[in-house]
Each structure stands twice: as C-alpha cells, then as structure tokens.
Amino acid sequence: MTEVVQEFIDLLAFSFFQRALLAGVLLALLAGIVGVFTSIRKAAFFGDAVAHSALAGVAIGLFFSVDPLFSAAVYAVALSLLLPWLRKQTGFSFDSLLALLLPVSMGLGVIAFSLLPGYQPNLLSFLFGNLLSVTQTDMFFLLGLAAVVVILLPLLAKKLLLVSLDENQARLLGLNIPVYELVYHFLLALTVVSGVRLVGVVLINAFLIIPPLVVSLHARSLKQLFFLTPVVSLISVLGGIVLSVGFDLPTGAVIAVFAGCIFVVSVIFKKIRDRVGV
Amino acid sequence: MATTQSKTNRSPAISVSQLTVRYPNENESVVRNVSFSLDRGKIGVLLGPNGSGKSTVMKAMLGLVEFVGEVQFAGQPLTSLQNHVGYVPQRYPIDKSVPMTVSEFLELALVTCSHTKAEKNRMIVSVLEQVDLSLKRFEKVGDLSGGQVQRLLLARALVHEPEVLLLDEPEAGVDAEGELIMYDLLQKLAKDQKVTVLLASHEIGLVRKFADTVFCVKNTLVCSGAPSQVLNQSTFKQLYGDGMTMYGHDHHHDHHHGNHE
C-alpha cells in the first residue's frame, strides 16, 4: 500500500497528472450536484443515454477535425433539446425515446469512427476513459462549467428542485417548467461530456448515480443529500485515481468499481445500523 | 379596478361552467359539461365512484389538464390567483426514498415568495401548528404516518393562506382517526376563516356529516344539493349502479372505511 501512495506522490510532480487530478475533483463536485437532481428525478437512464450518445458527437468532431469535447457537447445538448420535443410530438415516454436514440447515436458514433482514416485507438479511451488524455481545453471546459453551476445554483436550485420533485406543484406556483427542464438538461449534458475524457461514455453514469444513492441511504434531509453527495463523489474519484495509478488499471473502470464498493459497504452499514436501532 | 373588486365580492368562491375534458387519443370525454358553483366558507364535495372523473374535474380547475369551459375563483381565472387556491393531492407526490424533512417540504412551497427566510420560517411554524405537526418539523417525511402525511399536504396548501382549498380524496391511505382529524380541521377552516373547501370523495358517511353541498359526478354532473336532499337510493343507483345498496351510518370511527363501490 505504501508503494501505491509513493507512486501517487511521485506522479504529483507531473503536469498531466495534476491536470487529471484537478479534472477529477471538478468533475466529482459537478457530478455530485447534477447527480442529486438526476437521482431524485429518477432519470438515471437519461444520463446514461446522453453519455452514450456523446460518442457520436466525439466521432463527428474527430471526423471534421473539431475538438471532440466541443462537438460532443453540441451533440449532447441537441439531444437533450430533441427529447422533450419528440415526446410532445409523439406522446411516447422518455424511456422509449431514449431507448430509440441511444443505439442510433452509438451506431452513428461507431460508423463515424470507422470512417476515420487509419487505426483509431481513441475509441477505447472515449468509451472507458483515460487519465492521460485530459487536455488543457478539457480543464477550461470544466472550470467554465463549474463557474456556471456556482452562479446558477444559488439562483435556481430550489425552483429546479421543486420542478424535479413535484411538477404539478411547480406549475401551480406559476414556474415556467420548460425553462427549468432546459437548465437541468443543459447541465446534465455538459457534465456528462466534461467527464468523457477521464472516465469515458460507458462509465460516466457511475458518477451521477452512485454517490446520491449512497447518501440517500443515510441522509435525513435534502440539505444532507446536497452536501454529502459531492463528498462521496470526491472520495470515489480520488480513491479510484489513486488505486488506478497504483495498480496500473483503467481509471474510469476503477472509479466506477470503487464507487460500487462504497455503495455495498454503505448498504451493509445501513442494515447493521437499522438492526442495532441507532 | 372598482368593477373588478365588486365583481369579485359578488361572485361565488368557485364557479365552474360547462367544463369538458377529453384526453388526447381518446374519443370519449372523461368529463363533459360539468357546471356548479360554491359560495365562500362552504364545504362542497364532488362525489362519485372511482373513474367517474371527479379528480379530473379538480385537475382541470387547477389548470393541470387541458379543458374546455370556464373556471373562476371569486370571479377571477386561476392564473391571477395562484396563491389564493390551495391544492391537496390524493397522495404524497414525491418518492419517499428522497430524504426530506417536513420543514424542507414546506419550504419548497414557498420558493416563489419574496419573503425573508425568517418570515418563511414563521409561516412554516404557524401552519404546522394549525395542522398539529409542530413536533414533526425536523422529522423525515418518510417516517410520518399516512394521516400525518395527509395533514402535511394540507399544511402545504394552507401555507399561502388560500381562500379556496381543493382536496383530491384526502382520506386515501389514512386511517379512520386520521380522516376525522382531517375533516374536523377542514370544517374549522370553513367556519372560522371562511375558507371555501371543495373535496373529491367517495366516502358517503363523511360527506353526509361534513358537506354543505354535494355534487354527484359520473362523467357529468348527475345531481347536486344538500346531502339530506341528494344522498338517497336513487342517486346512489345512478352513481354506483343497480347492484349496489346505499348504507349510511353514524361515525363512531372505531373501524376502517371501505369503498362503497
């Protein structure tokens, strides 16, 4: 274990690792906040679908030599806007439409990747993440998004929360539901895209869903849920990065498994606590 | 302004005219041509079996479903009276696995208010006292009993001090004692604070005891009037069919209510 820690300390001297670490911290905090909304809206599948669809955006970006993060962001936001529109036009449920859009987007992504000239090792790193691939641009993207969240959240959090929890009550109070839906979908799409380099499209949903589930098991108030979820998210990310470096394993996968372990321990802890009656 | 004011004073607290609701992709109207009115400080009940459209009438009145017709509260459409109408849904609308305290639940009902945090706290304390949930303020909503949750929903509807209260089957999931507490509270609100109360219900015994006016609904308005005039065998057959018999009973509340359908 001391070797793992030593290796981690040695790596801290490298700028790529500092970048990855900072990206991980920012992503953990962002996903911790957006994940609470995703969890209370029961929109886990939506996050998953947006993440998988981002692959098409990445491939299209690479095809046209545009920054893949930028094209993935545009694609994910466009998908977030398309969904409510399609729902209104067809009357189908979100789940059905997501099940339709997810394979189409994934297919589009794989086709676009196959059309790129030469061997494409990028595909795997976009699917499962790569600590080394976090760029300066990704950092600016994450910092920008964090700034947007810091500004928006105090203004909109409670109204966004009401829309997420009880749409009828929000409507009765005169809130403009589509505007709040749009804000949530934007934040979700951009958070998902910002994590694509580090953890990949397949595993990003672990960031959004596992931490709020862990906290929901023990929290007694919304306040606790909102404050503790980013903390659990941060522990998952930092723990995952340390372990992935120490054992030379894929970062995204280790973070997801580590977060899953925290969940299992949390369930066992809750069971014991309920039995003892504390 | 003076004209609006006088119109508001003269108008009934609730006025529904030719209300028709048809859901998309359905040929038949769920509710058709329902018209009724209710004066200030009165308790009215939309009575009918499950699927009769009474909840739909209520949702249409609140603008939660699209409808044809006219709905007015004290002579004004709902858009201008958002905080003067309180609504109690049939069930707690939020997944109980979401951790939330009683106080946080009520705070969410105040998100559009410009009051200070201290004022909002005062409003919450006051409304919890009104529904006898003061001691539960920092409890998790998921830990409350059915009756307490129903009173919490009532507290949310009352936090804006509404002039009109709409309640969709407030007895759902509540034990007999909880029902009685709820109905006593509603009677007090109507009598002391002149709040106009409209309930959707199928509990004939409670309706007989607490309602000033009954509106019998089976997709359309079958009949209306005072409970003593309306609640008879012929109305009951119209609502629930030939095979069923009406049984009225005094409420001792040592039992649980079953459906009368």
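Overview of results
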{"quantity": "Tally, over the stretch A:218-230, of residues that are of a type outside the set (Gly, Ala, Ser) and facing another protein chain (nearest Cβ under 9 Å)", "calculated": "6"}
{"quantity": "Subset of the stretch A:192-217 that is surrounded by fewer than 24 Cβ atoms within 10 Å (Cβ to Cβ) and within 14 Å of chain B (Cβ to nearest Cβ) - its residue that is farthest from residue A:144 (Cα to Cα)", "calculated": "A:217"}
{"quantity": "Residues located in the stretch B:79-105, provided they are more than 10 Å from chain A (Cβ to nearest Cβ) and part of a strand (DSSP E or B)", "calculated": "B:88"}
{"quantity": "Any hit, the stretch B:1-21, residues being at pLDDT below 90, within 30 Å of residue A:90 (Cβ to Cβ), in a loop (DSSP other than H, G, I, E, B) and not hydrophobic (A, V, I, L, M, F, W, C)", "calculated": "no"}
{"quantity": "Per-region count, the stretch A:164-184, residues more than 7 Å from chain B (Cβ to nearest Cβ) and touching a residue at least 40 places away in the same chain (Cβ under 8 Å)", "calculated": "5"}
{"quantity": "Residue satisfying condition, being touching a helix residue (DSSP H, G or I) at 6+ places or on another chain (Cβ under 6 Å), modelled with pLDDT of 90 or more and of a type in the set (A, V, I, L, M), within set B:190, B:200", "calculated": "B:200"}
{"quantity": "Within the stretch A:21-44, tally of residues that are assigned to a helix (DSSP H, G or I) and under 23 Å from residue A:219 (Cβ atoms)", "calculated": "16"}
{"quantity": "Verdict on residue A:3 being of a type in the set (D, E, K, R) and exposed (fewer than 13 other Cβ atoms within 10 Å of the Cβ)", "calculated": "yes"}
{"quantity": "Residues of the stretch B:106-128 satisfying the condition of being among the polar types (S, T, N, Q) and either within 7 Å of chain A (Cβ to nearest Cβ) or at positive phi (or both)", "calculated": "B:112"}
{"quantity": "Of the criteria (1) on the phi > 0 side of the Ramachandran plot; (2) within 14 Å of chain B (Cβ to nearest Cβ); (3) out of contact with any helix residue (DSSP H, G or I) (no Cβ under 8 Å at 6 or more places or on another chain), which one residue A:155 fails", "calculated": "(1)"}
{"quantity": "Exclusive hit being out of contact with any Leu (no Cβ under 9 Å at 6 or more places or on another chain), surrounded by 24 or more Cβ atoms within 10 Å (Cβ to Cβ) and either more than 14 Å from chain B (Cβ to nearest Cβ) or in a helix (DSSP H, G or I) (or both), set A:246, A:240, A:252, A:260", "calculated": "A:240"}
{"quantity": "Within the stretch B:60-78, considering residues that are facing chain A (nearest Cβ under 8 Å) and in contact (Cβ under 8 Å) with a residue 12 or more places away in the chain, the one surrounded by the fewest Cβ atoms within 10 Å (Cβ to Cβ)", "calculated": "B:63"}
{"quantity": "Contacts under 6 angstrom Cβ, first residue in the stretch B:219-240 being of a type in the set (Phe, Trp, Tyr), partner modelled with pLDDT under 70, 6 or more apart", "calculated": "B:236/B:246; B:240/B:261"}
{"quantity": "Selected residue (only one of B:155, B:172, B:176 is modelled with pLDDT under 90 and closer than 30 Å to residue A:223 by Cα)", "calculated": "B:172"}
{"quantity": "Qualifying residue in the stretch A:126-134 (condition: within 22 Å of residue A:24 (Cβ to Cβ), out of contact with any His (no Cβ under 9 Å at 6 or more places or on another chain), part of a helix (DSSP H, G or I) and without any contact (Cβ under 8 Å) to a residue 24 or more places away in the chain)", "calculated": "no"}
{"quantity": "From A:145, A:161, A:83, A:127, residue being buried (at least 17 other Cβ atoms within 10 Å of the Cβ), within 13 Å of chain B (Cβ to nearest Cβ), under 23 Å from the mean Cα position of the chain (by Cα) and not aromatic (Phe, Trp, Tyr)", "calculated": "A:161"}
{"quantity": "Qualifying residue in the stretch B:169-178 (condition: touching a Pro at 6+ places or on another chain (Cβ under 7 Å) and in the same structural domain as residue B:36 (by TED's automatic domain parsing))", "calculated": "no"}
{"quantity": "Filtered residue count, the stretch B:55-89, keeping only those that are in contact with a Pro (Cβ under 8 Å, 6 or more places away or on another chain), at pLDDT 90 or above and more than 22 Å from residue B:22 (Cβ to Cβ)", "calculated": "3"}
{"quantity": "Residue count for the stretch A:183-220, restricted to those that are outside any helix (DSSP H, G or I) and in contact with a Phe, Trp or Tyr (Cβ under 8 Å, 6 or more places away or on another chain)", "calculated": "5"}
{"quantity": "Residue in the stretch B:146-155 that is in a helix (DSSP H, G or I), in the same structural domain as residue B:46 (by TED's automatic domain parsing) and within 21 Å of residue B:211 (Cβ to Cβ) present", "calculated": "no"}
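Yes/no per residue for (1) without any contact (Cβ under 8 Å) to a residue 60 or more places away in the chain; (2) outside the structural domain of residue B:193 (by TED's automatic domain parsing); (3) in contact with a Lys or Arg (Cβ under 9 Å, 6 or more places away or on another chain):
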| site | (1), (2), (3) |
| --- | --- |
| B:20 | yes, no, yes |
| B:43 | no, no, no |
| B:48 | no, no, yes |
| B:102 | yes, yes, yes |
| B:105 | yes, yes, yes |
| B:108 | yes, yes, yes |
| B:115 | yes, yes, yes |
| B:118 | yes, yes, no |
| B:123 | yes, yes, no |
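Yes or no, residue by residue, for (1) surrounded by 17 or more Cβ atoms within 10 Å (Cβ to Cβ); (2) among the basic types (Lys, Arg):
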site	(1), (2)
B:114	no, no
B:120	yes, yes
B:126	no, no
B:137	no, yes
B:142	no, no
B:145	no, no
B:167	yes, no
B:186	yes, no
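The values are calculated or read from the model by the stated rules, or taken from the named source; none is laboratory data. This is a predicted model, so every value here is computed, not measured. Neighbour counts run over all protein chains shown; Cβ positions are idealised from the backbone, glycine included.
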